[in-house]
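K.L.:
Dumping the structure here so I can ask a few things about it.
A short reminder: the numbers here are calculations on the coordinates, not readings from a lab. Note that this is a predicted model, so its numbers are computed, not measured. For neighbour counting, all protein chains shown are included, and Cβ atoms are generated from backbone atoms with ideal geometry for every residue, glycine included.
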Amino acid sequence: MSSPSSRPDLSGARLLFTDLDGSLLDHETYDWSPAVEWLSRLHEAGVPVIPVTSKTRSELLALRHALDLTETPFVAENGAVVGLPAAWCHARLERMPGPDGLVIKPLGVDIGFIRQRLVVWRERLGLRFTPMSEMPLDELVAFTGLSDEEARLARMREGSEPLVWDDSEAQLEAFREGLAGDGLHLVRGGRFWHATGESDKGQAVRWLSERFAALRGVRPLTLALGDGPNDIAMLEAVDQAVVIRGCHGLEVSPNQPALYRSRESGPAGWAEGVDHWWGRGERRCEPALMASDNDNDRVGSVSA
Ligand SMILES: [Mg+2]
């Protein structure tokens with residue numbers, strides 16, 4: 001595990017975007033203690049830590065309090081839903097925040113439409129898959145390791161539908177083609193495939209970076225961390241990126257010159273990645289790093 005050994009210079013406008021499951025949160029236990037030191041350092045420096053996740057808004061609300069991230073925006077459902085605290089709202093563009101102090105910006109497609117088209121394509125092509133909305137609660141609990149209450153919140157979707165795929169690669173391609181005709185596509189997460197509209201994590205990250213620049217009059221230095229294929233668009237939409245070692249064996253290779261691959265997984269890899277980019281002075285002007293182990297060797301001492 002790495003920790004900020006000396007006081008890093010976190011001056012200048014910065015935004016940190018992070019995936020949750022398998023990144024800031026442990027894939028199995030949902031623990032984030034290895035990241036606590038960096039989270040409090042970023043909080044002290046006034047750097048917004050912005051969760052960008054496949055989770056729902058309902059799931060995120062309690063987690064934002066637990067992580068002490070109530071003053072920062074969030075991106076839910078892989079980019080379909082953006083939540084803005086008052087300080088991130090534009091007086092002329094948003095209505096008054098709701099009772100929880102948040103304005104919700106839907107960037108995606110209505111969930112009713114998505115669910116309807118999933119059923120249509122399943123019947124038409126004879127596919128085998130199970131949307132989360134059709135999974136009994138106890139089955140969802142067993143599959144995800146979430147508590148009953150957490151699983152209930154996970155099913156409160158607004159702009160994307162997770163599904164468990166139980167069919168062939170060929171059928172998956174046919175399914176993709178069908179959904180594309182509806183303006184929908186599939187994104188692979190850690191446990192589920194997610195059917196969504198054209199929104200993705202990258203689009204939401206760009207939207208928030210532009211909003212920050214519009215409100216503050218300065219372009220922020222952006223860093224993103226993620227472990228899954230559904231993080232690729234986000235990792236490509238920022239200045240600096242970290243692919244956190246995954247537990248799923250899926251390839252995550254964003255087109256991003258400023259890329260670091262962590263040795264550790266989960267929140268320990270998260271802290272290692274933040275430490276790499278922001279823990280030892282400014283790396284902004286460094287030559288592009290390639291996504292290979294050799295490049296990590298060059299900077300391997302950061303996790304010592
Ligand atoms: Mg993840």
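K.L.:
Mind listing the phi-derived Karplus ³J(HN,Hα) values for the stretch 145-159, rounded to whole Hz, using 6.51, -1.76 and 1.60 with θ = phi - 60°, and x for any glycine or proline?
P.N.:
x, 6, 6, 3, 5, 5, 5, 4, 5, 5, 7, 7, 8, 10, x
K.L.:
How big, in percent, is the set of alpha carbon pairs in the stretch 178-286 lying more than 22 Å apart?
P.N.:
Cα-Cα pairs of the stretch 178-286 separated by over 22 Å account for 38 percent.
K.L.:
Hey, what angle do you get for helix 111-125 against the long axis of the chain, alpha-carbon based, 0 to 90 degrees rounded to 10?
P.N.:
60 degrees
K.L.:
So, one more: Could you state the orientation-averaged shadow area of the convex hull built on the Cα atoms of the stretch 148-226, in nm² to one decimal?
P.N.:
The number I arrive at for the stretch 148-226 is 7.7 nm².
K.L.:
Less than 12 Å from a label point 7 Å out along the Cα-to-Cβ axis of GLU28: which backbone N atoms in the stretch 237-279 qualify, by residue?
P.N.:
Once the point is set 7 Å along Cα→Cβ of GLU28, 247 turn out to lie under 12 Å by backbone N, inside the stretch 237-279.
K.L.:
How high is the FRET efficiency from THR70 to ALA45, r the C-beta distance, R0 22 Å, rounded to 0.05?
P.N.:
0.80
K.L.:
Residue by residue through the stretch 217-223, what is 3J(HN,Hα) from phi via Karplus (6.51 cos²θ - 1.76 cosθ + 1.60, θ = phi - 60°)? Round to whole Hz and write x for glycine and proline.
P.N.:
Using θ = phi - 60°, the values come out as x, 8, 7, x, 7, 10, 10 Hz.
K.L.:
Rg (Å, one decimal) plus Dmax (Å, integer) for the alpha carbons of the stretch 12-68?
P.N.:
For the stretch 12-68, the Cα-based Rg and Dmax read 11.4, 35 Å.
K.L.:
Can you give me the relative contact order of the stretch 143-215 as a percent, contacts being Cα pairs under 8 Å and 6 or more apart?
P.N.:
For the stretch 143-215, the relative contact order is 30 percent.
K.L.:
Using Cα pairs closer than 8 Å and at least 6 residues apart in sequence, work out the relative contact order for the chain, in percent.
P.N.:
23 percent
K.L.:
Whole-Hz ³J(HN,Hα) for each residue in the stretch 190-197, computed from phi via Karplus 6.51 cos²θ - 1.76 cosθ + 1.60 with θ = phi - 60°, x for glycine and proline: what do you get?
P.N.:
Computed from phi, the couplings for the stretch 190-197 are x, 9, 10, 8, 10, 8, 9, x Hz.
K.L.:
Here is a follow-up. With charges only on Cβ, +1 for K and R and -1 for D and E, what is the dipole size of the stretch 168-248 about its Cα centre, in debye, rounded to 20?
P.N.:
Charge dipole of the stretch 168-248: 420 debye, to the nearest 20.
K.L.:
Quickly work out the HIS185-to-GLU251 label distance, labels modelled 7 Å from Cα along the C-beta direction, and quote it in nm with one decimal.
P.N.:
1.7 nm
K.L.:
Something else about it: Please provide three numbers in whole Å: the alpha-carbon extents of the stretch 46-110 along the principal axes, with the largest listed first.
P.N.:
32, 30, 22
K.L.:
If I model a spin label at VAL119 and VAL36 as a point 7 Å from the Cα along the Cα→Cβ vector, what separation in nanometres do I get?
P.N.:
4.6 nm
K.L.:
Let me ask you something else. Looking at the P(r) of the chain, how many percent of alpha-carbon pairs lie beyond 27 Å?
P.N.:
40 percent
K.L.:
Working out 0.36 nm times the residue gap between GLU210 and GLU134, then minus their Cα-Cα distance, what length gain in nm do you get to one decimal?
P.N.:
23.6 nm
K.L.:
Work out Dmax and Rg for the stretch 1-105 from the C-alpha atoms and quote the Rg first, both in angstrom.
P.N.:
According to the Cα coordinates of the stretch 1-105, Rg and Dmax are 14.4, 45 Å.
K.L.:
Next question, about the same structure. Using a Förster distance of 35 angstrom, determine the FRET efficiency expected from the C-beta separation of GLU173 and ALA13, and round it to 0.05.
P.N.:
The calculated FRET efficiency here is 0.25.
K.L.:
So how much slack lies between MET156 and VAL218, counting 0.36 nm per residue of separation and subtracting their Cα-Cα distance, in nm?
P.N.:
18.7 nm
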